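Here's the structure we're looking at; comments come further down.
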Amino acid sequence: MTHQKFALGIARKGVFFGFALFVLAAILFFLQQYYKPHASIVKLKTDFTVSAADILSEFQQDEATAAPKYTDKVVEISGTLVAKKKTDDGSALLILQDTMEGISCQLDPEWAKENASVLDGLAEGSPLHVKGVCKGYLMELKISPAMVVTP
Amino acid sequence: MRKFLILLIASLFQAGMASAQQKYIAKNAYISFYSKTPMEDILGESNEAVTFLDSGNGEIVFAVLINTFHFKRALMEEHFNENYMESAKFPKAKFKGTIVDFKPDQLKSPTSGVRISGVLNIHGKDKTIDVPAKIGLENGKVTATSTFKVTPEDFGIEIPNLVRDKIAKELDITVKTVYEPYNP
């Protein structure tokens with residue numbers, strides 16, 4: 001084998017390995033995207049910190065402006081807990097401000113499981129600080145998944 | 001005494017009127033859609049739909065925020081919201097209709113089969129639908145369930161050829177609601 005042919009062989013191998021590496025990276029990227037887990041509410045960065053009364057009145061007075069501003073954003077809301085409920089499928093709900101047209105926070109199931117004692121300690125009528133993803137307004141402001149922020 | 005009787009009758013009459021026009025509400029109604037193909041099964045579920053039922057005339061209103069649908073995989077949820085439903089542009093799906101041949105007594109007896117017809121709005125597009133449902137008392141509460149099919153293309157939802165084999169032509173919609181009396 002001449003030097004030239006040898007060099008060409010190495011170059012071809014290089015191209016082949018480069019290509020194989022690229023394909024592998026693409027497959028890994030695809031798999032990582034495909035199987036990526038849901039974002040954990042505990043780790044998400046807060047976009048807005050507001051009082052329950054303020055965000056409610058923003059939505060109730062001008063939903064067309066408030067919805068694009070808050071939808072799918074992480075909000076921290078402080079207000080008054082008026083009801084603790086469960087959905088028919090067992091998810092825990094914390095309702096702020098008003099039982100009918102208030103703020104409905106559906107707790108992250110993982111968070112609720114790990115923090116059962118925090119939930120048990122919550123009393124209706126007491127102040128509450130929650131963090132969650134704002135989903136929009138439908139009769140009430142829907143926040144989910146949510147968690148309780150403890151001081 | 002006569003005054004008292006008149007008052008009694010009047011109040012009874014009013015009570016009768018009020019119960020005849022009782023409204024029901026559920027703020028965490030369940031709705032899911034299911035797509036089954038040999039390549040992939042996709043299930044999206046929301047337990048945050050809001051619905052009203054009027055026991056006076058059998059009118060039903062049902063609405064859900066599209067971004068409250070939850071999927072097993074985060075990527076499916078992203079594609080559902082961004083590529084197909086365009087939930088930022090069309091955040092809500094709505095239905096407004098009535099129970100066909102409704103009689104108020106249907107809400108006081110065990111669940112039985114009915115038809116519900118009305119207009120379904122998804123992705124900003126209206127379509128008149130007529131679907132089977134079951135409605136009536138279950139465990140002492142007014143309960144409604146329904147299962148029917150929708151076709152994404154009917155609502156202007158385009159599915160690229162690349163993934164057409166992964167998404168069923170017709171999606172199964174399941175709705176389950178347990179109503180509470182609504183006294184605003």
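The values are calculated or read from the model by the stated rules, or taken from the named source; none is laboratory data. As the structure is a computational prediction, the values presented were derived from the model and not from experiment. As a convention, Cβ positions derive from the backbone with ideal geometry for all residues, glycine included, and neighbour counts pool all protein chains shown.
Details
- Leading residue by the ranking (modelled with the lowest pLDDT) among those in the stretch B:107-162 that are of a type in the set (S, T, N, Q) and out of contact with any strand residue (DSSP E or B) (no Cβ under 6 Å at 6 or more places or on another chain): B:161
- Selection status of residue B:90, within 21 Å of residue A:107 (Cα to Cα) and surrounded by 13 or more Cβ atoms within 10 Å (Cβ to Cβ): no
- Of all the listed residues (B:40, B:48), the sole one being more than 15 Å from residue B:146 (Cα to Cα) and surrounded by 17 or more Cβ atoms within 10 Å (Cβ to Cβ) is B:48.
- The set of residues in the stretch A:108-147 that are closer than 24 Å to residue A:60 by Cβ and hydrophobic (A, V, I, L, M, F, W, C) comprises A:128, A:130, A:133, A:134, A:138, A:139, A:141, A:143, A:146.
- The residues of the stretch A:54-87 that are in a helix (DSSP H, G or I), surrounded by fewer than 16 Cβ atoms within 10 Å (Cβ to Cβ) and more than 14 Å from chain B (Cβ to nearest Cβ), listed by number, are A:54, A:57, A:60, A:61.
- Residue list for the stretch A:31-53, restricted to those being surrounded by 11 or more Cβ atoms within 10 Å (Cβ to Cβ), without any contact (Cβ under 8 Å) to a residue 40 or more places away in the chain and within 14 Å of chain B (Cβ to nearest Cβ): A:33, A:34, A:36, A:38, A:39
- Taken as a whole, the structure leaves residue B:147 outside the set of residues that are within 21 Å of residue B:42 (Cβ to Cβ), of a type outside the set (D, E, K, R) and surrounded by fewer than 13 Cβ atoms within 10 Å (Cβ to Cβ).
- Some residue of the stretch B:78-87 being in contact with a His (Cβ under 9 Å, 6 or more places away or on another chain), free of Cβ contacts under 8 Å to residues at least 40 places away in the same chain, more than 10 Å from every other protein chain (Cβ to nearest Cβ) and surrounded by fewer than 22 Cβ atoms within 10 Å (Cβ to Cβ): yes
- Looking across the stretch A:88-137, the residues that are under 15 Å from the mean Cα position of the chain (by Cα), part of a strand (DSSP E or B) and more than 13 Å from chain B (Cβ to nearest Cβ) come down to A:130, A:131.
- Conditions (1) of a type in the set (S, T, N, Q); (2) within 10 Å of another protein chain (Cβ to nearest Cβ); (3) out of contact with any helix residue (DSSP H, G or I) (no Cβ under 7 Å at 6 or more places or on another chain); number of the one not met by residue A:144: (3)
- Criterion (in contact with an Asp or Glu (Cβ under 7 Å, 6 or more places away or on another chain) and β-branched (Val, Ile, Thr)) met by exactly one of A:49, A:65: A:49
- So residue B:80, is it among the hydrophobic types (A, V, I, L, M, F, W, C) and at pLDDT 95 or above: no
- Residues of the stretch A:71-91 classified as among the small types (Gly, Ala, Ser) and either at positive phi or modelled with pLDDT under 95 (or both), total: 2
- Verdict on residue B:178 being among the hydrophobic types (A, V, I, L, M, F, W, C) and either more than 30 Å from residue A:70 (Cβ to Cβ) or surrounded by fewer than 14 Cβ atoms within 10 Å (Cβ to Cβ) (or both): no
- When residues of the stretch B:151-178 are limited to those that are free of Cβ contacts under 8 Å to residues at least 60 places away in the same chain and not in a loop (DSSP other than H, G, I, E, B), the one farthest from residue B:104 (Cα to Cα): B:162
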